[in-house]
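Engineer: Right, I'll just put the structure down here and ask away after.
The values are calculated or read from the model by the stated rules, or taken from the named source; none is laboratory data. Treat the numbers as computed from the prediction; the structure is a model and nothing was measured. Glycine gets a Cβ as well: all are built from the backbone with ideal geometry, and neighbour counts include every protein chain shown. Surface accessibility is based on the protein's heavy atoms, side chains included, excluding ligands, DNA and RNA. Shrake-Rupley method; radii C 1.70, N 1.55, O 1.52, S 1.80 Å.
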Amino acid sequence: MASRAHNLAIASFVAFVFATPAPAADISPELIAKARQEGQVVYYTDLIIDQIVRPLASAFEAKYGIKVSYTRGDSQVNSIKLINEYRAGRVMADVFGLTSNMEVLMEAGVVRQFTAANAEELPPQYRDPERYWVSSNLFILTPGLNTSTVPAAQRPKTYDDLVAPYWKDKMVWKMNDMSGGPGFIGNVLTSMGEERGMAYLRKLSEQRIKRVNASARAILDQVIAGEYPMALQIFNHHAAISAEKGAPVTWVPLSPATVTPDLLGLTKNAPHANAGLLFVEFMTSKEGQQIFQKANYLPSRPDVPPMTPNLIPEQGGFGANVITPAMTAKSMTRWDKVFADLFH
């Protein structure tokens, strides 16, 4: 039976889907003028460059005449860079995106509070009440499998199916973050509770899941290439995009899936502070969110639905846990430890 936290998470997600669209936000002309004077914004991102970052940057540059420089890294890489640069007194990034470690950056003093008019239109669970972060888009994390190598009869329909003998030595996941083993563990413990969840994870640990030090997207590509039959905790929109292009892959709507917001933050002592805030305004505006939509990402705004509706739980008919930074701040260390202890 689903936990109270699970039910609240689903209710929160339903509220997001059916929220009343808000009118377009007014961006301060003074902010735009100051941002144009700065002339540049530096963005550390966890998003895929060709798929979404370049279209966002090009549209922003065309609209405001402000150059966007960007570099990509996973959440752990981005957070380490941000902390090191801040401590060295050489802050390079103005705005950054990641799915985890936001609480670490906040504790280190790297992140500054801000108010963005467009971000105020996001559902409450996708903006920080303390104003340290907002969500640019959502990630739905599920298994993804190779349809050429996994017969239809063997494809899992529940979490219990993952501990079936067929799946021994056939699964893979990354080693860190919400898009890896620790995130999968967090979702299981949130859904099942400590006692039942730990009993399940002990059974799962007997399946000898392969651990790969790569991004979730890279691991999914390895599944598509036939190196592994199934990856746990991949982004379902990545599988949908590849399948649409003819790849032998599908995502598996196990219930509950993990929903994690991709977080946007602004650095303290940023060299282009106004341009950074304006970029956040753009990314969370209806115009910016439609760029996410067209790139087959899952927008955070309720008035910009995804291109493939069944990727989100309410339309796809599967449950979900929304894992917020407050939850990871409280429990991520525990999830990391369970991963290290059981899945070494």
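Engineer: Have a look at A119, N78, T149 and report the one farthest towards the positive end of the charge dipole of the chain, computed about the Cα centre with Cβ charges (Lys/Arg +1, Asp/Glu -1).
Structural biologist: T149
Engineer: Next up: Counting only protein heavy atoms, what percent of the accessible surface of the chain is carbon or sulfur at a 1.4 Å probe?
Structural biologist: About 52 percent, which is the carbon plus sulfur part of the accessible surface.
Engineer: A further question follows. Considering only DSSP states other than H, G, I, E and B, which GluC sites (Glu not before Pro) in the stretch 163-210 qualify as loop sites with at most 14 other Cβ atoms within 10 Å?
Structural biologist: When the GluC sites (Glu not before Pro) of the stretch 163-210 are filtered for loop state and at most 14 Cβ neighbours within 10 Å, E206 remain.
Engineer: Pairing the Cα long axis of helix 325-342 with the longest principal axis of the chain, what angle in degrees results, from 0 to 90 and rounded to the nearest 10?
Structural biologist: Helix 325-342 sits at roughly 40 degrees to that axis.
Engineer: So which aspartates and glutamates pass the test for K67, namely a Cα distance under 12 Å, with those fewer than 8 places away in the same chain ruled out?
Structural biologist: Within the straight-line limit of under 12 Å, K67 reaches these aspartates and glutamates: E38.
Engineer: Could you tell me how many degrees, from 0 to 90 and to the nearest 10, lie between the Cα long axis of helix 181-192 and the main elongation axis, the longest principal axis, of the Cα atoms of the chain?
Structural biologist: For 181-192 against the chain, the angle is about 70 degrees.
Engineer: On a 0 to 90° scale, report how tilted helix 29-38 is relative to the longest principal axis of the chain, with both axes built from alpha carbons and the result rounded to the nearest 10.
Structural biologist: The two axes meet at around 90 degrees.
Engineer: Report the local net charge at L263: Lys and Arg +1, Asp and Glu -1, summed over other residues whose C-beta lies under 12 Å from its C-beta.
Structural biologist: -3
Engineer: Further question: As a check on your grasp of the helix formula, calculate [θ] at 222 nm for the chain: sum -39500 (n - 2.57) over DSSP H runs of n ≥ 4, divide by the residue count, round to the nearest 500.
Structural biologist: Details: 13 runs with 139 residues, N = 344.
Value at 222 nm, helices only, nearest 500: -12000 deg cm²/dmol.
Engineer: Let me ask something additional. If you place +1 on the Cβ of every Lys and Arg, -1 on the Cβ of every Asp and Glu, and leave all else neutral, what size is the dipole of the chain about its Cα centre, to the nearest 20 Debye?
Structural biologist: 560 debye
Engineer: Count the DSSP beta bridges whose two residues both fall in the chain, then state the antiparallel fraction as a percent rounded to the nearest 5.
Structural biologist: 60 percent
Engineer: To continue, here is another question. For the stretch 62-78, take each phi angle, set θ = phi - 60°, evaluate the Karplus expression 6.51 cos²θ - 1.76 cosθ + 1.60, and give the result in whole Hz per residue in order, putting x for glycine and proline.
Structural biologist: So the J values, rounded to whole Hz, are 5, 6, 10, x, 10, 6, 10, 9, 9, 9, 9, x, 5, 3, 5, 5, 4.
Engineer: Just the accessible area per residue of the stretch 26-72, please: how many Å² with a 1.4 Å probe? Present the calculation step by step, with values, prior to reporting the outcome.
Structural biologist: Numbers: 2340 Å² over 47 residues.
That works out to 50 Å² per residue.
Engineer: How far apart, in nm, are two points set 7 Å out from the Cα along the Cα-to-Cβ line at I49 and at E30?
Structural biologist: 3.8 nm
Engineer: Quick query: amide H of L138 versus all other amide H atoms, modeled in the peptide plane; which residues come in under 5 Å with a sequence gap of 5 or more or a different chain?
Structural biologist: Counting only residues 5 or more places away or on other chains, the set is D262, L298, S300.
Engineer: Related question: Once you list every other residue whose beta carbon is under 13 Å from the beta carbon of N213, what net charge do they have if Lys and Arg are +1 and Asp and Glu are -1? Let's see the in-between values first.
Structural biologist: Details: positive: K174, K210, R211; negative: D74, D177.
For residues surrounding N213, the net value is +1.
Engineer: Of all trypsin sites (Lys or Arg not before Pro) in the stretch 232-309, which ones are in loop regions per DSSP and have a Cβ with at most 11 other Cβ atoms within 10 Å? List each step's numbers first, then the result.
Structural biologist: Numbers: sites: K245, K268, K286, K294; in loops: K245, K268.
Those satisfying the criteria are K245.
Engineer: Once you keep just the Cα pairs under 8 angstrom separated by 6 or more residues, what percentage relative contact order results for the stretch 140-258? Display every interim value, and only then the final one.
Structural biologist: On the way: 202 pairs, mean separation 58.6, N = 119.
With pairs under 8 Å counted, the relative contact order is 49 percent.
Engineer: At a Förster distance of 30 Å, what's the computed FRET efficiency of R334 paired with E206, Cβ-Cβ distance as r, to 0.05? If you can, show how the numbers build up before the last one.
Structural biologist: Details: r = 21 Å, r/R0 = 0.71.
After rounding to 0.05, the efficiency reads 0.90.
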